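Worksheet: one structure, shown below.
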Amino acid sequence: MNERRVETWLELQELLFEDSWNDELRLFRSSHAYRGGSDATADLRSGLARIGGDPELERQLMRAFRKYAAQDAVPHDTDWDWLALGQHHGLPTRLLDWTYSPYVALHFATQNLDRYDRDGVVWTVNYVRAHALLPRRLRDELESEGANVFTTELLAEAAPWLADLDGEFVWFVEPPSFDHRIVNQYALFSVISPAERRLDDWIEENPDLAQRIVIPAELKWEVRDKLDQANITERVLFPGLDGISRWLARYYTPRVPPTE
């Protein structure tokens, strides 16, 4: 696996924005998705995989979720809209949360003060190159739209039902803008097939498409302070009173001095 361990804030910036120049557009436009974690030893199993990952279990979860949720909760009545909504609200699904923003990923790597005794991590995956490995019908849908990532509507055209998925591959989908949290976090999801697979296993098989950037525990406070200065906080990423409370509780927690 392609793993890089940083030692300074500046080195971290270099790695996060590495290869982001798009020569065709003549702009800095990264083709990477980012995912931050507070513990570098954690794997990339989905919520569904953590409870077994069985496709039949996935069907039962989705059937129950649709039954009890408000029927107008999604913009389109498709498996993919319901799957995205469930993931957004904590339902165990085959999806994993990612973001287009490296700084949002850094927030999730440094938000948990209880884990400042361990290294954090930011995963990056080149979604454009990952999509080049998709089956022809899925690639055709992307190409017909001139898009680099799927929407739930686009996926509903290519594979209307979860049961239509056949093969081993990974792709990325932008969820509908269910609320301000989705928008402010610049969110997208990864989807894996088959459902029981772990994304880090797929990355092991495709090491040139992804990397792990390890953030040493001793660097976390500096990263966190600079994110707060840049207004990358719970107040912004989780709009509402809960986000404000979480931000203030963390922001005013005294820094514990290092043990002698």
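The values are calculated or read from the model by the stated rules, or taken from the named source; none is laboratory data. From a predicted model like this one, the values you see are computed outputs, not experimental measurements. All Cβ positions, even for glycine, are placed from backbone atoms using ideal geometry, and neighbour counts span all protein chains on display. Each accessible area value is taken on the protein alone, full model and side chains, heavy atoms only, with ligands, DNA and RNA left out. Shrake-Rupley method; radii C 1.70, N 1.55, O 1.52, S 1.80 Å.
Scanning segment 219-255 for residues that are hydrophobic (A, V, I, L, M, F, W, C) and in contact (Cβ under 8 Å) with a residue 40 or more places away in the chain returns LEU219, TRP221, VAL223, LEU227, ALA230, ILE232, VAL236, LEU237, PHE238.
Within segment 42-57, how many residues turn out to be out of contact with any Leu (no Cβ under 6 Å at 6 or more places or on another chain) and open to solvent by less than 60 Å² (accessible area, probe 1.4 Å)? Of the residues in that region, 9 qualify.
Filtering segment 92-115 to residues that are touching a residue at least 24 places away in the same chain (Cβ under 8 Å) and open to solvent by 30 Å² or more (accessible area, probe 1.4 Å) leaves PRO92, ASP97, TYR100, TYR103, PHE108, GLN111, ASN112, LEU113, ARG115. Among the helices (runs of 4 or more DSSP H) confined to segment 131-218, the ones with at least 2 residues that are surrounded by fewer than 14 Cβ atoms within 10 Å (Cβ to Cβ) and not small (Gly, Ala, Ser) are located at 136-145, 199-205. Would you check if ASP164 is among the acidic types (Asp, Glu) and either more than 30 Å from LEU57 (Cα to Cα) or in contact with a Pro (Cβ under 7 Å, 6 or more places away or on another chain) (or both)? It is false that ASP164 is among the acidic types (Asp, Glu) and either more than 30 Å from LEU57 (Cα to Cα) or in contact with a Pro (Cβ under 7 Å, 6 or more places away or on another chain) (or both).
Restricting attention to segment 4-41, the residues that are open to solvent by 20 Å² or more (accessible area, probe 1.4 Å), at pLDDT 95 or above and more than 19 Å from TYR100 (Cβ to Cβ) add up to 9.
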